[in-house]
1. Given the conditions (1) surrounded by 12 or more Cβ atoms within 10 Å (Cβ to Cβ); (2) touching a Lys or Arg at 6+ places or on another chain (Cβ under 7 Å), report the number of the one that PHE146 does not fulfil.
2. Inside the stretch 145-161, can you point out the residues that are within 15 Å of the chain's Cα centre (by Cα) and part of a strand (DSSP E or B)?
3. Does GLY121 satisfy being assigned to a loop (DSSP other than H, G, I, E, B), surrounded by fewer than 15 Cβ atoms within 10 Å (Cβ to Cβ) and at pLDDT below 90?
4. So how many residues does the stretch 36-55 have that are in a loop (DSSP other than H, G, I, E, B), out of contact with any Leu (no Cβ under 9 Å at 6 or more places or on another chain) and surrounded by 14 or more Cβ atoms within 10 Å (Cβ to Cβ)?
5. Modelled with pLDDT of 85 or more and loosely packed, with under 10 Cβ neighbours inside 10 Å: which single residue out of ASN3, ASN25, ASN31 fits that description?
6. Of the residues VAL33, VAL63, VAL116, only one is under 30 Å from GLU173 (Cα atoms) and part of a strand (DSSP E or B); which?
7. Tell me which of these GLU79 doesn't satisfy, since it passes every other one: (1) under 44 Å from the mean Cα position of the chain (by Cα); (2) over 20 Å from LYS96 (Cβ atoms); (3) exposed (fewer than 14 other Cβ atoms within 10 Å of the Cβ).
8. Within the set of pairs 6+ apart or on separate chains, which have a first residue in the stretch 92-114 that is modelled with pLDDT of 80 or more, a second that is part of a helix (DSSP H, G or I), and C-beta atoms under 8 Å apart?
Amino acid sequence: MKNKRKAILLVGALLCLNLNIFSQNIPLKMNKVSVKKAMTELKEKSGYSFVYIAGDLDTKKIVDIDAEQLQEVIEQILEGQNVSYEIKDKNIIIRKKEVEQSMLNEKKLQDISGLVMDVMGEPIVGVNVMEKGTTNGTITDMDGKFLLKAPANATLIISFIGYKTLAVNLEGEKNVNITLKEDLEQLDEVVVVGYGTQKKSSLTASVATVPAKELSKQMGHSVAAALQGRAPGVEILQKGEKLGQISRYLFGEQVHLVLLNLYMLLMVHFLIMG
């Protein structure tokens, strides 16, 4: 019981001491002076020194001081600055305020997953998924899915050749399904070219050649179907039986996407390098 009473008395004494410090009568009146000048003047009148880290406090800021008590003087000197202070002995210790928890939550990264499809509900491979205003991004996999670390309030920019670019505000969502619409104007601007010659003796990799006569013998819906089994290292994965449906072309260990539809034929590789 005696120890509790001593503790209560000690706390009370400390509170009274703090109140006495803050209520000290140290009148100061200054107009249009820098923070540095005001701090120097307060030190000369009261003996209190300011302790702070350079960069945490704008000492060139212009302030007006008109106060009677120490606490009021300090608060007017530090007004508008993102700092807090405490008094220890004859030192006024200034620290930069901690960032608000809400701001921390905004910057906190979380796993964002999603699926990018076309208007027919088919997944799109190789779509660019970028966090707006940053270099943080990824691309969709073979199933049109992606995984990205981004803030909960981030905006994702979804873009892919032949489709309209889309901005998606996450607003706290961790899983999003995104549908891209074809951009017919952009498709009209696409020009497919394949040219260039090179001597076989100068090649550093093996080359598989499929003559046009061989392709013409193959019955199928597309050039892609005719290539099936005609060159080593090439595998054609057709997603459906409909003409013009998106296919996946596997060239060795690398994966390339060829879109075959009514609007575009984009050949990623003309020569098949082994």
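The values are calculated or read from the model by the stated rules, or taken from the named source; none is laboratory data. Keep in mind that what you see is a predicted model, and the values were worked out from it rather than measured. Glycine also receives a Cβ, built like all others from the backbone with ideal geometry; neighbour counts cover every protein chain displayed.
1. With (1) surrounded by 12 or more Cβ atoms within 10 Å (Cβ to Cβ); (2) touching a Lys or Arg at 6+ places or on another chain (Cβ under 7 Å) applied to PHE146, the lone miss is (2).
2. Passing the criteria: PHE146, LEU147, LEU148, LYS149, ALA150, PRO151, THR155, LEU156, ILE157, ILE158.
3. no
4. Count: 1.
5. ASN31
6. Answer to the selection: VAL116.
7. (2)
8. ILE92/ILE74
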